[in-house]
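Peer 1: The structure under discussion is supplied below as C-alpha cells; questions concerning it will follow.
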Amino acid sequence: MWAEVDKRIRRAMTGVRQAFRGVLGLVNSAPAVQLVQGEGLAGEPLRDLELFQHFGFTSNPPAGTAIVVLPLGGKTSHGIIIATENGQYRIKGLAPGETAVFNAFGDTFIFRDGKIDGTTKTFTLTASESMKFDSPTAEFTGQVTVQQKLSGNGGMAIQGGDGASFTGNVSQTGGSYTTDQDVVASGTSLHGHRHTGDSGGMTESPL
C-alpha cells in the first residue's frame, strides 16, 4: 500500500524542482490569484509568481515578507508561492493551541482557551438582516449610541454620571412612577408648589 503511495508521489513530483526561499517585493492583488514579484535568496528575480492561499482566508503580504517558492515543471517562472512568513508583524508568544489573525497595522484577533481578544481602532460589523448576542452580560466602557428604537424586557437601571435625560414625549403604561426626590414640571415643583386656595389666599406647600 505505502509503496504504491510513494510511487504516486514520485510520479506527481516529476519535473518539480526543489522548493526554495525568497523575499516578496510587490503584490498584484487584482487577479483571481495574486501575482507576486520578488527575488530569491541568491538574487534571482521572481516575476508574476502565483500566491496560493487557503480557501476562506486571503491577505496581501507587505514587501519584505519571506516566501517559499515551489517551481512547477522545473521552471522558476512557473513557480507558485506555497507559504509566507513575516516575523516583524507576526504575533509571538502564543500558547499551544492558540490562533491569531493579524495585519501590518497592529490590528489583531487572538483566539485563546475560551476567550477571544481583539484590538483595533474602529470596528464595523454589517448584518443585512439581524444580529444577536447570546450572553448573560455585556459591558461597554464608553458611550453607547442607538440610532433607532431601543427596546428591552428586563427593565433599566441607571446610576451615577448625569442620570438619564429624554428629548420628546415619555409615555408609561402600567405600573407607577416612584421617586424619593421632587418632581418638577415646566418649572413647577410637585413637592414645593403653592397655588390660590378656594377661599382665597395661598395654599401651603404639599407635605
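Peer 1: Taking only C-alpha pairs under 8 Å that are 6+ residues apart, what is the relative contact order of segment 13-85 in percent?
Peer 2: In percent, rounded to a whole number, it is 36.
Peer 1: For the chain, calculate the relative contact order in percent as a whole number, restricting contacts to Cα pairs under 8 Å that are 6 or more residues apart.
Peer 2: Normalised by residue count, the contact order of the chain is 10 percent.
Peer 1: Along each of its three principal axes, how wide is the spread of alpha-carbon positions in the chain, in whole angstrom units, largest first?
Peer 2: Sorted from largest, the Cα extents of the chain read 114, 42, 34 Å.
Peer 1: Still on this structure: Considering the dipole of the chain built from charges on the beta carbon (Lys and Arg +1, Asp and Glu -1) around the Cα centre, which of Thr122, Thr65, Gly142 is farthest to its positive end?
Peer 2: Going by the Cα projections, it comes out as Thr65.
Peer 1: Something else now. Most fluctuating residue of Gly43, Gly155, Gly93 in a GNM of the chain with Cα springs under 10 Å: which is it?
Peer 2: It is Gly155.
Peer 1: Which of Asp48, Asp162, Asp117 moves most in a GNM of the chain, Cα contacts under 10 Å?
Peer 2: Asp162
Peer 1: Can you give the log10 of the normalised intensity I(q)/I(0) at q = 0.14, 0.17 Å⁻¹, computed with Debye over equal Cα scatterers of segment 43-153?
Peer 2: Log10 I(q)/I(0), no solvent term: -0.85, -1.06.
Peer 1: Over the chain, what is the percentage of antiparallel beta bridges among all DSSP beta bridges, to the nearest 5?
Peer 2: Counting only bridges with both partners in the chain, antiparallel ones make up about 95 percent.
Peer 1: Straight distance only, please: which lysines reach the Cα of Lys92 with their own Cα at less than 28 Å, same-chain residues fewer than 8 apart left out?
Peer 2: In chain and number order, the partners are Lys115, Lys121.
Peer 1: Right, something else. In terms of modelled amide H atoms, which long-range or inter-chain residues lie less than 5 Å from the amide H of Gln34?
Peer 2: Leu51
Peer 1: While we're on this one: Kirkwood Rh over alpha-carbon pairs of segment 13-85, then Stokes-Einstein at 20 °C and 1.002 mPa s: what D in µm² s⁻¹, rounded to an integer? Spell out each step's value before the answer.
Peer 2: Numbers: Rh = 12.1 Å.
My calculation gives 177 µm²/s for D.
Peer 1: Express as a percent, rounded to the nearest 5, the fraction of DSSP beta bridges in segment 13-85 (both residues included) that run antiparallel.
Peer 2: Antiparallel bridges: around 90 percent, rounded to the nearest 5.
Peer 1: Compute the long axis of helix 2-12 from its Cα atoms, compare it with the longest principal axis of the Cα atoms of the chain, and write down the angle in degrees, 0 to 90, nearest 10.
Peer 2: Relative to the chain, helix 2-12 is tipped by roughly 90 degrees.
Peer 1: Using a Gaussian network for the chain with springs between C-alpha atoms less than 10 Å apart, which of these wobbles most: Gly168, Gly64, Gly97?
Peer 2: Gly168
Peer 1: Which order do the peptides 65-73, 131-139 come out in when sorted by mean C-beta neighbours inside 10 angstrom, highest first?
Peer 2: In descending order of packing, they fall as 65-73, 131-139.
Every number here is computed from the coordinates shown, using simple stated rules; none is lab data. Source: prediction; values computed, not measured. Don't worry about glycine lacking a Cβ; one is built from the backbone with ideal geometry, like all the others, and counts go over all protein chains shown.
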